[in-house]
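A quick write-up on the structure given underneath.
The values are calculated or read from the model by the stated rules, or taken from the named source; none is laboratory data. Just so it is clear, the structure is predicted and the values come from calculations on it, not from any experiment. All Cβ positions, even for glycine, are placed from backbone atoms using ideal geometry, and neighbour counts span all protein chains on display. For accessibility, only protein heavy atoms count, side chains too; no ligands or nucleic acids. Shrake-Rupley method; radii C 1.70, N 1.55, O 1.52, S 1.80 Å.
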Amino acid sequence: MAHPSQLGFQDAASPIMEELLHFHDHALMAVFLISTLVLYIITTMLTTKLTNTNAMDAQEIEMVWTIMPAIILIVIALPSLRILYLMDEMSDPAVTVKAIGHQWYWSYEYNDYADIAFDSYMIPSSELSPGEFRLLEVDNRMIVPMETSIRVLVSAEDVLHSWAVPSLGIKIDAIPGRLNQTSFIARPGMFYGQCSEICGANHSFMPIVVESASRPDFFSWTLPISS
């Protein structure tokens with residue numbers, strides 16, 4: 001999760017988030033080079049009194065500043081299209097979880113395991129245990145097996161919500177009457193998120209906690225509930 005005075009993204013906990021971080025750095029470097037060149041040109045024009053008449057009407061310069069932006073856009077677009085392809089629908093997920101947004105909590109359904117379903121409410125600050133995070137802890141976490149393909153179906157019961165876990169690279173809208181889906185493969189750990197849609201008065205009080213456990217631990221967690 002994020003820490004105080006953090007300037008960058010959270011550490012990647014999934015392959016997709018790693019790709020997004022790499023693409024961010026790649027695009028940021030292109031923006032930095034372009035900004036540096038433009039700043040240099042502006043500074044030169046403001047500080048020099050010399051004007052080259054040959055540069056005022058030159059076909060070569062016209063070609064350069066037409067072709068170069070096109071090349072830069074291609075260099076940025078190709079990695080972006082690759083990530084969009086990687087984030088596409090997962091063909092054969094091992095676990096499917098349905099997340100439904102309510103005012104103001106989340107409910108989860110594991111239809112693959114004897115219809116496991118539960119609600120996930122934020123733990124009030126007065127009931128937190130030492131070491132738990134304020135406004136981020138929940139009473140029932142969404143538990144998934146580590147390093148396994150997970151599909152999440154997202155919808156809402158009342159108003160617009162958004163199911164977002166930054167370290168997993170996930171942010172998808174929860175819309176009443178519509179079923180959106182996303183997928184991820186998580187490393188071991190516990191990952192925090194929040195509703196990222198202004199959904200009402202208690203918008204900031206519906207956190208998301210995804211716990212990625214080992215497969216034996218995950219299956220042992222499903223057994224008491226399914227029995």
Open item on the list: Just the residues that are charged (D, E, K, R), closer than 21 Å to Leu223 by Cα and touching a residue at least 24 places away in the same chain (Cβ under 8 Å), please, taken from the stretch 136-164.
Closed with: Arg141, Glu147, Arg151
Open item on the list: Checking Thr51 against (1) at pLDDT 85 or above; (2) exposed (fewer than 10 other Cβ atoms within 10 Å of the Cβ): exactly one of these is not met. Which one?
Closed with: (1)
Task: Yes/no for Ser107 being in contact with an Asp or Glu (Cβ under 6 Å, 6 or more places away or on another chain) and more than 15 Å from Gly193 (Cβ to Cβ) - done: yes
Open item on the list: With the structure loaded, tell me whether Ile123 is in contact with a helix residue (DSSP H, G or I) (Cβ under 6 Å, 6 or more places away or on another chain) and modelled with pLDDT of 90 or more or whether it fails that test.
Closed with: no
- [ ] Hey, could you check the stretch 108-117 for residues that are free of Cβ contacts under 8 Å to residues at least 24 places away in the same chain and not acidic (Asp, Glu) and say which is most open to solvent (accessible area, probe 1.4 Å)?
- [x] Asn111
TODO: Among the residues of the stretch 175-190, write down those that are within 16 Å of Phe218 (Cα to Cα) and part of a strand (DSSP E or B).
DONE: Gly189, Met190
Open item on the list: Looking only at the stretch 171-187, filter to residues that are over 12 Å from the mean Cα position of the chain (by Cα) and open to solvent by 70 Å² or more (accessible area, probe 1.4 Å); which one of those is nearest to Ser14 (Cα to Cα)?
Closed with: Arg187
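Rundown of residues vs (1) surrounded by 19 or more Cβ atoms within 10 Å (Cβ to Cβ); (2) within 18 Å of Ala13 (Cβ to Cβ), yes/no style:
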residue	(1), (2)
Leu135	no, no
Ile143	yes, yes
Thr148	no, yes
Val152	yes, yes
Ser155	yes, no
Asp158	no, no
Open item on the list: Need the failing condition index for Phe133 against (1) out of contact with any strand residue (DSSP E or B) (no Cβ under 6 Å at 6 or more places or on another chain); (2) more than 30 Å from Leu28 (Cβ to Cβ); (3) touching a residue at least 12 places away in the same chain (Cβ under 8 Å), just the number.
Closed with: (2)
